[in-house]
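The values are calculated or read from the model by the stated rules, or taken from the named source; none is laboratory data. Only a predicted model underlies this, so the values are computations on that prediction, with no experimental measurement involved. Here the Cβ positions follow ideal geometry from the backbone for every residue, glycine too, while neighbour counts run over all protein chains shown. Calculation scope for accessible area: heavy atoms of the full protein, side chains included, ligands and nucleic acids excluded. Shrake-Rupley method; radii C 1.70, N 1.55, O 1.52, S 1.80 Å.
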Amino acid sequence: MNLTRHHGGIFIVLSFAAAMLLTIVPLPDGLRPLRPDWVTLTLIFWCLVLPYRISVGSGFVAGLLLDTLNGTLLGEHALSLSLIAYLCVRLHQRIRVYPMWQQVLMVMVFLTLHQLLTLWIDSVIGRPMPSPSYWLPPLVGGLLWPVIYQLLTSLRINFSIQ
Amino acid sequence: MTIDHRQHHLNSVRAALSVAVYPLQWLVNLPGSTGQWFRESLSTRRDLQEENAGLRTQQLVLNTQLQKLEALEAENMRLRALLDSSFQVGKRPMLIAELLSVDMDPYRHQIEINKGSLDRLYEGQPLLDSQGIMGQLIHVGPFSATAMLITDPSHAIPVQINRTGLRTIALGTGSIDRLDLPHIPTNADVRVGDLLVSSGLGGRFPPGYPVAEVVSVEQDPGNTFSTVEARPRANLDRSREVLLVWPPAITTPASAPATPSSPATADSDNKPGGDTAP
């Protein structure tokens with residue numbers, strides 16, 4: 001870890017870029033409310049795997065970019081992603097050894113927290129309450145977690161990102 | 001920091017960030033735009049001829065209507081000059097922009113367009129399509145801009161009922177085909193099918209452009225206000241090209257002196273009579 005500390009950073013950036021692309025790719029109307037939080041999922045993965053490289057700062061930057069992409073209040077996603085990054089880094093040793101189904105539950109909790117925080121900020125600035133389908137993305141994201149985990153792990157091993 | 005943004009100090013930061021994410025948006029837009037390019041360049045000669053003929057007829061029809069409009073406009077100006085009214089019809093500069101096919105937050109009605117401050121767009125600029133008013137710009141970056149549609153739950157537009165001249169506010173509801181008109185008194189003269197045009201109060205939107213059509217009126221004598229719903233005229237979820245409008249070259253605030261600058265109170269006057277009706 002000492003010699004090859006910073007290795008493959010470009011792939012981390014690329015994975016975030018891919019997640020952002022998936023966030024703004026047009027979907028059919030029926031699927032739009034189901035779109036998971038790709039950026040949050042990617043952030044959670046890297047925070048769990050490389051907590052010494054990806055943590056609150058990266059979450060903040062990713063959140064700012066996400067705010068710009070989504071047209072939301074600047075800092076809204078940044079705040080909640082930093083918080084999630086903090087929690088992930090804080091708990092990474094525990095979550096790493098969980099069985100997959102338990103990891104899925106944890107990820108769902110994180111994603112729900114993200115939705116809750118953005119909802120909270122939105123309601124503070126006076127936006128109306130969204131429809132109940134607002135709470136679907138965390139479920140979808142949690143169910144997709146095993147796939148994402150496998151995908152990003154293989155990426156990490158292939159390119160020996162440390 | 002969130003509070004800071006409400007005072008619009010962070011606009012420059014957002015503009016810089018929008019440059020950073022523009023490559024992503026461009027990339028996502030790419031399949032759609034190349035698909036369109038292929039469709040255009042691979043269409044047959046016969047298709048193009050047919051389309052050309054169709055457009056020619058349409059232009060003829062539109063030109064005929066335009067002649068009538070010009071005569072009417074001249075007559076209107078003459079009559080207004082007789083009344084010493086300070087109303088101005090100016091030629092407004094326009095620009096056509098294209099939507100970027102990217103998805104935004106599904107709970108906000110926002111769209112991204114492919115023109116930015118390099119094309120002299122500014123914040124608050126009205127956005128139209130061929131049928132009516134679509135919305136206004138809320139963030140402007142150098143290459144792209146974000147617009148809020150009139151159906152966004154936090155959007156309101158001052159309108160006027162074309163038939164009676166009754167002024168009111170149309171609020172967005174969050175569903176793409178509904179606007180709410182909550183400030184119409186129960187005794188006001190509103191009917192299903194009435195056209196709502198922009199009133200120009202507030203100084204943001206140009207006056208006289210169609211906004212929506214009333215689809216339901218519910219007058220409950222027990223309530224002070226009736227429940228009125230309208231359907232936007234513009235193809236909010238279907239247009240690919242949008243029109244950006246600048247204020248006319250002589251920028252006198254034509255509508256501002258008529259009423260104090262609080263359009264929210266403009267709803268309380270009942271029928272101003274049939275004098276403005278055609």
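Residues of the range A:13-62 that are part of a loop (DSSP other than H, G, I, E, B) and within 14 Å of another protein chain (Cβ to nearest Cβ): A:Val25, A:Pro26, A:Leu27, A:Pro28, A:Asp29, A:Gly30, A:Leu31, A:Arg35, A:Pro36, A:Asp37. The set of residues in the range B:154-171 that are under 22 Å from B:Leu236 (Cβ atoms) and open to solvent by 10 Å² or more (accessible area, probe 1.4 Å) comprises B:Ser154, B:Ala156, B:Pro158, B:Gln160, B:Asn162, B:Ile169, B:Leu171. Kindly indicate whether A:Leu117 is more than 14 Å from chain B (Cβ to nearest Cβ) and either within 14 Å of the chain's Cα centre (by Cα) or at pLDDT 90 or above (or both). No. Within the option set B:Val140, B:Val197, B:Val159, being in contact with a Pro (Cβ under 6 Å, 6 or more places away or on another chain), under 19 Å from B:Val245 (Cα atoms) and of a type in the set (A, V, I, L, M, F, W, C) holds for one residue only, B:Val197.
Entry remark, the range B:159-215: residues being charged (D, E, K, R) and free of Cβ contacts under 8 Å to residues at least 40 places away in the same chain number 3 in total.
A search for C-beta distances below 8 Å between a residue of the range B:221-232 that is closer than 12 Å to B:Asp180 by Cβ and β-branched (Val, Ile, Thr) and any residue that is part of a strand (DSSP E or B) and open to solvent by 70 Å² or more (accessible area, probe 1.4 Å), counting only pairs 6+ apart in sequence or on different chains, returns B:Thr227/B:Glu218; B:Val228/B:Glu218.
Among the residues of the range B:66-88, is there at least one that is touching a residue at least 24 places away in the same chain (Cβ under 8 Å) and either within 20 Å of the chain's Cα centre (by Cα) or within 14 Å of chain A (Cβ to nearest Cβ) (or both)? Yes: the range B:66-88 contains one or more residues that are touching a residue at least 24 places away in the same chain (Cβ under 8 Å) and either within 20 Å of the chain's Cα centre (by Cα) or within 14 Å of chain A (Cβ to nearest Cβ) (or both). All of A:Leu66, A:Leu73 fail the test of being within 14 Å of another protein chain (Cβ to nearest Cβ), touching a residue at least 40 places away in the same chain (Cβ under 8 Å) and either in a loop (DSSP other than H, G, I, E, B) or among the polar types (S, T, N, Q) (or both), apart from A:Leu73. From the list B:Arg120, B:Arg92, B:Arg108, the one residue that fits, being among the charged types (D, E, K, R), at pLDDT 80 or above and either touching a strand residue (DSSP E or B) at 6+ places or on another chain (Cβ under 8 Å) or open to solvent by less than 30 Å² (accessible area, probe 1.4 Å) (or both), is B:Arg108.
Of all residues in the range A:89-140, exactly one satisfies the criterion of being touching a Phe, Trp or Tyr at 6+ places or on another chain (Cβ under 8 Å), among the β-branched types (Val, Ile, Thr) and open to solvent by 30 Å² or more (accessible area, probe 1.4 Å), namely A:Thr112. Scanning the range B:137-153 for residues that are aliphatic (A, V, I, L, M), more than 14 Å from B:Ile176 (Cα to Cα) and open to solvent by less than 10 Å² (accessible area, probe 1.4 Å) yields B:Leu137, B:Ala145, B:Ala147. Residue pairs whose Cβ atoms lie under 7 Å apart, sitting 6 or more positions apart in sequence or on different chains, and linking a residue in the range A:78-97 that is on the phi < 0 side of the Ramachandran plot to a partner that is of a type in the set (Asp, Glu), are A:Ala78/A:Asp67.
Counting residues in the range B:194-204 that are over 19 Å from B:Pro126 (Cα atoms), under 19 Å from the mean Cα position of the chain (by Cα) and not in a strand (DSSP E or B) gives one or more.
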